[in-house]
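Working notes, beginning with the structure itself.
The values are calculated or read from the model by the stated rules, or taken from the named source; none is laboratory data. All figures in this text were calculated on a predicted structure; none of them were measured in a lab. Here the Cβ is made from the backbone with ideal geometry for all residues, glycine too, and neighbour counts use every protein chain on show. Just the protein is used for accessible areas: all its heavy atoms, side chains included, with ligands, DNA and RNA removed. Shrake-Rupley method; radii C 1.70, N 1.55, O 1.52, S 1.80 Å.
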Amino acid sequence: MRTILTYFCLLFSLLITAQSSLEKDSIMLRKIHDQALVNGQSYSWLEHLTTQIGHRLSGSVGAEKAVAYTFEELQKLDLDQVTLQEVMVPKWIRGIKEYAYIETSPGNTTVTNILALGGSTSTPIGGLKAEVVEVRDFDDLEKLGRDKIAGKIVFYNQPMEPRHIQTFNAYGGCSHLRYSGAKEAARYGAVGVIVRSLTLSLDDYPHTGVMSYGDLPHDQYIPAAAISTKGADMLSSMLKLQPQLKFYFNQTSYMMPDVLSHNVIAEIKGSVYPDRYIVVGGHLDSWDVGQGAHDDGAGCVQAMEVLRIFKDLNYQPKHTIRVVLFMNEENGIKGALKYRDEVNRKNENHIFALESDAGGFSPRGFSFTCSEEDFQRVAQWKPLFEPYLLHYFERGWSGVDIAPLKRDGIVLAGLHPDSQRYFDYHHAETDTFDKVNKRELELGAAAMTSLIYMIDQYGTVQFPAE
Ligand SMILES: [Zn+2]
């Protein structure tokens with residue numbers, strides 16, 4: 001009888017403790033959201049980063065200004081440490097504005113909008129004019145063979161699949177065409193490559209992005225450019241009427257030797273586990289068009305806001321919470337690799353990393369790369385997040401910059417915002433400050449702070465916190 005009584009007493013006290021910690025956590029999440037929505041700094045940081053500095057391709061003046069600006073702003077937060085981590089990054093130059101047209105007969109031309117793909121070589125001096133072979137994917141190259149491709153421009157025209165609800169899946173279905181299209185077409189003797197822009201919207205803005213020649217010998221490099229979706233539809237329909245038409249494009253892009261740049265790192269030291277690290281980040285570089293507002297200025301200022309909120313709430317974390325603004329995600333991930341190398345060299349114990357690199361849109365939740373046990377542990381917190389309309393807790397992709405930190409025992413996560421409009425602006429002239437909604441950006445920062453708070457309070461399966 002006594003044993004049963006003790007058992008019930010224990011169960012009761014556990015229930016009380018669980019109830020009070022639930023209450024304590026839900027009050028904390030409310031305070032975090034109030035801070036982000038009432039005293040938020042993320043939006044004004046983003047305004048400066050995008051409208052005063054602008055785009056920030058690795059190795060550019062913009063990228064260096066962004067390093068200096070975020071370093072200074074983080075210093076103002078009275079943190080325990082703010083540092084710059086040196087990293088060598090590629091430097092690719094777009095050159096003068098690209099020019100392209102479709103020629104149906106000599107002198108009869110229609111201008112179309114293109115952007116050189118990041119990493120592409122230039123066209124020959126004076127531009128390149130050739131007949132066009134339209135294909136959907138690499139299989140078509142094999143079917144057509146060298147006879148039909150040699151000396152021509154390969155035009156990859158596969159629209160992103162609109163049936164996907166998560167637009168990142170539609171992007172993933174086509175991104176290999178942009179990344180490896182030139183390398184594959186060059187094997188069949190193509191002289192250039194035009195790729196349909198990776199967006200679900202039909203407009204006149206081409207979307208750039210990284211490409212690679214892989215193991216192709218340097219003398220076989222061919223120029224590659226993205227064409228707007230409207231341009232792609234026009235070219236495709238004109239080819240049906242006149243398969244012998246010619247496409248002309250001129251671009252003067254080239255690669256320079258690597259240059260020195262930096263990751264920006266700032267932290268609040270943990271009070272109980274100073275040697276256990278929780279990382280939150282985004283990438284500071286962007287493409288060299290537009291202002292890199294959603295990709296990924298938003299993620300950087302949201303990550304900075306996590307530390308700002310903790311400071312202003314006088315929250316003393318148990319673990320060391322570190323913001324990392326990674327350099328060179330877009331064309332090399334050199335910043336992420338350097339960070340990982342330094343973590344390994346210093347034997348720093350990272351238990352959790354969260355990245356925001358999917359746009360500053362309304363947050364819906366998070367996707368997690370971790371063990372099933374860790375996922376179950378995190379998923380049980382879902383009811384705390386639901387009042388903020390954060391319901392998406394799924395296993396999946398986390399982020400490009402934190403992926404190198406993957407090892408047994410670490411939990412990686414990505415902020416999961418609504419993705420419907422992300423690819424309207426991604427890597428295009430249209431990714432500007434005015435496309436970011438202040439409240440949506442702030443809600444994302446609050447969501448990230450909330451998750452980091454919970455991890456800081458309870459740890460992970462392998463590293464539970466007291
Ligand atoms: Zn990005």
Check your understanding: When region 320-333 is examined, which residues are found to be at negative phi, within 15 Å of the ligand (Cβ to nearest atom) and either out of contact with any helix residue (DSSP H, G or I) (no Cβ under 8 Å at 6 or more places or on another chain) or among the charged types (D, E, K, R) (or both)?
Key -> Glu329, Glu330, Asn331
Check your understanding: Can you spot a residue in region 160-172 that is of a type outside the set (Lys, Arg) and more than 22 Å from the chain's Cα centre (by Cα)?
Key -> no
Exercise for review: Mind telling me which of the residues Gly145, Gly126, Gly151 ends up being in a helix (DSSP H, G or I), of a type in the set (Gly, Ala, Ser) and on the phi > 0 side of the Ramachandran plot?
Suggested key: Gly145
Point to revise | Subset of region 437-466 (residues that are of a type in the set (Val, Ile, Thr) and open to solvent by 10 Å² or more (accessible area, probe 1.4 Å)) | key: Val461
**Study point:** Candidates Arg146, Arg178, Arg196 - the one that is touching a residue at least 60 places away in the same chain (Cβ under 8 Å) and open to solvent by 10 Å² or more (accessible area, probe 1.4 Å)
**Key:** Arg178
Review point. Of all residues in region 346-362 being farther than 23 Å from Ala446 by Cβ and charged (D, E, K, R), which is surrounded by the most Cβ atoms within 10 Å (Cβ to Cβ)?
Key: Glu348
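Between Ala447, Ala428, which is under 28 Å from His207 (Cβ atoms) and touching a strand residue (DSSP E or B) at 6+ places or on another chain (Cβ under 7 Å)?
Ala447
From the list Leu77, Leu84, Leu49, which one is open to solvent by less than 10 Å² (accessible area, probe 1.4 Å) and aliphatic (A, V, I, L, M)?
One residue alone meets the criteria, Leu49.
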Exercise for review: Please work out which one of (1) under 19 Å from Leu46 (Cα atoms); (2) open to solvent by less than 10 Å² (accessible area, probe 1.4 Å); (3) within 12 Å of the ligand (Cβ to nearest atom) is the condition Ala336 fails and give its number.
Suggested key: (1)
Practice item. Please give the number of the condition Val343 fails out of (1) within 17 Å of the chain's Cα centre (by Cα); (2) surrounded by fewer than 24 Cβ atoms within 10 Å (Cβ to Cβ); (3) of a type outside the set (S, T, N, Q). Key: (1)
Review point. Do you know which residues across region 308-333 are in a helix (DSSP H, G or I) and open to solvent by less than 10 Å² (accessible area, probe 1.4 Å)?
Key: Arg308, Ile309, Phe310
